[in-house]
Amino acid sequence: MTSWQKLIKNSISHHDQLSRFPGIDQKEIAEVCRIYPMRVNPYYMELIQQSGDPLWRQAIPDIRELLDQTGLDDPLDEENLSPVPNLVHKYPDRVLFLVSSQCSMYCRFCTRKRKVGRKEMVIDDKTIAAGLAYIQKNKEIREVLLSGGDPLMLTDVQLEKILQAVRRINTVEVIRIGTRIPCTLPMRVTRKLASMLKKYHPLYINTHFNHPAEITPESTLACSRLADAGIPLACQTVLLKGVNDDKLIIQELMCKLLQIRVKPYYLFQADLTRGADHFRTPVETGLEIMRYLIGRISGMAVPTYALDAPGGGGKIPLTPDYISSLDENSLEFLTYQGTPCSYPNSRHE
Ligand code: SF4
């Protein structure tokens, strides 16, 4: 067993392992765990300073997960968009291929909390073969996004087998891996893993950090190893109440990501996931944060604020409004400092 696998084995998954935190209701945590599992590996647990802090909220069950009356089990309609189990074909030229049901931590706000880490999510050689056959048959698929769960929870051998099979399909141009491991269990990103991944270029990794306290020497090293292997890294952050719904926190996070060679990509409005309603912020909060970031920090560090439309409608950018008026003669707008400005809209025909 490798060292990262030992860390997974030593994860916290039972309410009585939290007894050192004063004032928590272990009975409530146990109730939530009966429906939605808990797993917090020792690395991430060490980053938690106290109960209720932003990292705690992402990792430790909350009774509000069971009280949510408004959320949807499958907010993005992924099951209906799956021609074969665990493969979502929403956009014409790309697919989301779920290759692992496990994560190094079960995030309490996860869009796939209906199945991740639960017996409902069965991924085996048969489902992987069915996914590969579907990709092989549908020639319009140019990009394959491996996700889960977390694909980096597979062993190097298991993951390489899938990468080899996808690369053998000559209509697939780009492979992307969606993983939270560089943030939640960075020691999984070994030199060996990075040199295996670099054989399958063009390969991109989208990772997921939500708070500046998640950027540590260990996560910095993990991202360096991947970047040094020529893998472009981007981050999909989720806007979460009580975690990062604050312009200064997001500003710090985005700037730190850029420093560790990760390009901020999306800032997502939280999905309408059942059990995660207490994390949702008003859309105005996201727009206000974006208004604060634009012009203040490098454009390289500014993510796109987006909503993944319920029912499988795809990602919709949500942009603060700068345009005051637009006609055939001029565009009137506000600068990022709020100063009115105009631009001649002449057409050269
Ligand atoms: S790592 Fe990703 S897939 Fe796994 S629980 Fe967290 S958000 Fe969900």
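Evaluate the following for residue 285: is it part of a loop (DSSP other than H, G, I, E, B) and under 27 Å from residue 215 (Cβ atoms)? No: the conditions fail for residue 285. Of the residues making up segment 317-349, not one is assigned to a loop (DSSP other than H, G, I, E, B), without any contact (Cβ under 8 Å) to a residue 12 or more places away in the chain, touching a strand residue (DSSP E or B) at 6+ places or on another chain (Cβ under 9 Å) and of a type in the set (Val, Ile, Thr). Suppose the filter is of a type in the set (D, E, K, R), within 16 Å of the ligand (Cβ to nearest atom) and crowded, with 16+ Cβ neighbours inside 10 Å; does residue 225 pass it? No.
You will find that of 83, 37, the residue that is surrounded by fewer than 19 Cβ atoms within 10 Å (Cβ to Cβ), more than 26 Å from residue 245 (Cα to Cα) and modelled with pLDDT of 95 or more is 83 and no other.
Within the bounds of segment 303-323, is there any residue that is under 20 Å from residue 183 (Cβ atoms) and surrounded by fewer than 18 Cβ atoms within 10 Å (Cβ to Cβ)? Yes - at least one qualifying residue is present in segment 303-323. Taking every residue in segment 144-162 that is farther than 19 Å from residue 134 by Cβ and pairing it with any residue that is hydroxyl-bearing (Ser, Thr, Tyr) and within 16 Å of the ligand (Cβ to nearest atom), at least 6 positions away or on another chain, the pairs with Cβ-Cβ distances below 6 Å are 150/100; 150/179; 152/179; 153/100; 154/100. Considering segment 92-137, and only residues there that are part of a strand (DSSP E or B) and within 16 Å of the ligand (Cβ to nearest atom), the residue that is surrounded by the most Cβ atoms within 10 Å (Cβ to Cβ) turns out to be 97.
Applying the condition of being charged (D, E, K, R) and away from the ligand (no atom under 14 Å from the Cβ) to segment 60-72 and asking which residue is nearest to residue 21 (Cα to Cα) yields 62. Out of all the residues in segment 82-91, which are touching a residue at least 24 places away in the same chain (Cβ under 8 Å) and either within 16 Å of the ligand (Cβ to nearest atom) or hydrophobic (A, V, I, L, M, F, W, C) (or both)? Selection gives 84, 86, 87. Anything in segment 223-241 that is part of a loop (DSSP other than H, G, I, E, B) and of a type in the set (Val, Ile, Thr)? List them, or say none. The one that is part of a loop (DSSP other than H, G, I, E, B) and of a type in the set (Val, Ile, Thr): 231.
The values are calculated or read from the model by the stated rules, or taken from the named source; none is laboratory data. Everything numeric here is computed off the predicted structure, so don't read it as measured data. Cβ: placed from backbone, ideal geometry, glycine included. Neighbour counts: every protein chain shown.
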